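Reviewing the structure listed below.
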Amino acid sequence: MNYNIKKLVRFVFLMLSVLASEQSTAQSYILKGTVVDSDSSFTIPNSYVVNSKTFAGTITNGIGYFELSVAQGDTLIFSNVGYQFYYLAIDSNTMKNRGNELLVKLVPRNFLLDEVSIYAITSNNPRTMPQRMPLVPATKDIRTSKIVAPTLANPLDLLYYSFGKRPKQLAAL
């Protein structure tokens, strides 16, 4: 009887682990799609596609195509310069209704482009640059550190100072 209970517990545990792994793999998708302009339906190359949950992302290729691995519950953000952001929540209904191929239409946003003004005023007349002597500091402004002879408090420094060549060279300067 005890052996049958152990066998039943193992079987139930095995089935639960199989079901849990199936659910976790069933929620992951490879999302493919194209980003287009909503007015002209032209593809928009080099658009950003970012998963706001994992911060994984990609950039659309030259014809506006992208591929990205997403999971259920993620939110994708589509953006490009001159267009409004487009947010897409990924759930099971989204994937069933749209399939794995997605067509994203970005709405143009050009209200800030008129506010940038660049002006340049220049003259082609040559200017003479004033030539001055370089500033040299006076000797009273230059300070050097004084070499202090080591004491018996630090015997290693005392031995190095007494028998080493480098301290004698520095003292000669």
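One table, with the values for the structure above:
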{"quantity": "Residue within the stretch 142-158 that is basic (Lys, Arg) and at pLDDT 80 or above present", "calculated": "no"}
{"quantity": "Of residues in the stretch 57-76 being surrounded by 14 or more Cβ atoms within 10 Å (Cβ to Cβ) and not in a strand (DSSP E or B), the one nearest to the chain's Cα centre (by Cα)", "calculated": "Thr60"}
{"quantity": "Pairs with Cβ under 9 Å, 6+ apart, first in the stretch 113-128 and within 21 Å of Asn80 (Cα to Cα), second modelled with pLDDT of 75 or more", "calculated": "Leu113/Gly82"}
{"quantity": "Residue, surrounded by the fewest Cβ atoms within 10 Å (Cβ to Cβ), within the stretch 90-119, restricted to residues that are closer than 17 Å to Val49 by Cβ, modelled with pLDDT of 85 or more and touching a Gly at 6+ places or on another chain (Cβ under 8 Å)", "calculated": "Leu103"}
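The values are calculated or read from the model by the stated rules, or taken from the named source; none is laboratory data. Every value quoted in this text rests on a predicted model; they were computed, and no experiment measured them. Cβ atoms come from the backbone with ideal geometry, glycine included; neighbour counts cover every protein chain shown.
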